[in-house]
Amino acid sequence: MKGIVFTEFLDMVETTISADAVDDVIEAARIPSGGAYTAVGTYDHKEMVSLVGALSEYSGQPMPDLLHQFGRHLFGRFVALYPVFFEGVEDALEFLARVEGVIHEEVLKLYPDAELPRFEARWTGPGALTLVYRSPRHMGDLAHGLIEGCVAHFGDPVSIRRQRLPDGAEEFLLARR
């Protein structure tokens, strides 16, 4: 998992709770890196699981809720850090439909060693998009938060329905209201 995910997670903790909370969460997580991340580094996703678990213990919030909250935060950070990805895009569904074929291709140019999740998109009707999220890291709650962050960013009236597929993938059914 790319370091930017870790640095942004710790930034969210600092922004929403405190710098002391960041230190406490890192210490409680007992992670191999000791919490020293660089945005371009690559780290074991198990460290993120440990950090979120430690934050859950610290805050009393369930891990799925924290991952979801982080996804929303992370999307906002992507908008600020990578505005070129949003140029010429009119709405959330258009953006989400291009994640795999455009956004992830560009990310791999910047970070060739990135192990990205897969987002299979297919239009199922006018204003209706199905996204299937596949990842060995199984962070569907993070993906859900990212999708909600996208919808909020574009201000689109889009409903999101999520379901687990038999193979363990997550399917997001998006429809413009």
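A few notes on this one:
- Being outside any loop (DSSP other than H, G, I, E, B) and within 23 Å of residue 154 (Cβ to Cβ) holds for only one residue in 55, 96, 51, 66, and it is 96.
- Selection status of residue 127, in contact (Cβ under 8 Å) with a residue 24 or more places away in the chain, surrounded by fewer than 17 Cβ atoms within 10 Å (Cβ to Cβ), in contact with a strand residue (DSSP E or B) (Cβ under 9 Å, 6 or more places away or on another chain) and closer than 25 Å to residue 90 by Cα: yes
- The range 39-58, residues that are under 19 Å from the mean Cα position of the chain (by Cα) and either surrounded by fewer than 15 Cβ atoms within 10 Å (Cβ to Cβ) or closer than 15 Å to residue 2 by Cβ (or both): 39, 40, 41, 42, 43, 44, 45, 46, 47, 48, 51
- Odd one out for residue 36 among (1) without any contact (Cβ under 8 Å) to a residue 12 or more places away in the chain; (2) part of a loop (DSSP other than H, G, I, E, B); (3) within 16 Å of the chain's Cα centre (by Cα): (3)
- One residue alone among 136, 166 is touching a Pro at 6+ places or on another chain (Cβ under 9 Å) and over 14 Å from residue 119 (Cβ atoms), and that residue is 136.
- Residue satisfying condition, being outside the structural domain of residue 10 (by TED's automatic domain parsing) and on the phi > 0 side of the Ramachandran plot, within set 76, 71, 125, 101: 125
- Qualifying positions in the range 1-33 - in a loop (DSSP other than H, G, I, E, B) and within 14 Å of residue 69 (Cβ to Cβ): 17
- Any hit, the range 109-117, residues being buried (at least 16 other Cβ atoms within 10 Å of the Cβ), at pLDDT 90 or above, touching a Lys or Arg at 6+ places or on another chain (Cβ under 9 Å) and within 18 Å of residue 156 (Cβ to Cβ): no
- Hey, residue 162 of a type in the set (D, E, K, R) and either part of a strand (DSSP E or B) or buried (at least 17 other Cβ atoms within 10 Å of the Cβ) (or both) or not: yes
- Tally of residues being over 12 Å from residue 73 (Cα atoms) and either modelled with pLDDT under 95 or in contact with a Gly (Cβ under 9 Å, 6 or more places away or on another chain) (or both) across the range 135-152: 6
The values are calculated or read from the model by the stated rules, or taken from the named source; none is laboratory data. Given the structure is predicted, the values throughout are model-derived calculations rather than measurements. Cβ sites come from the backbone with ideal geometry, for glycine too, and all protein chains shown count toward neighbours.
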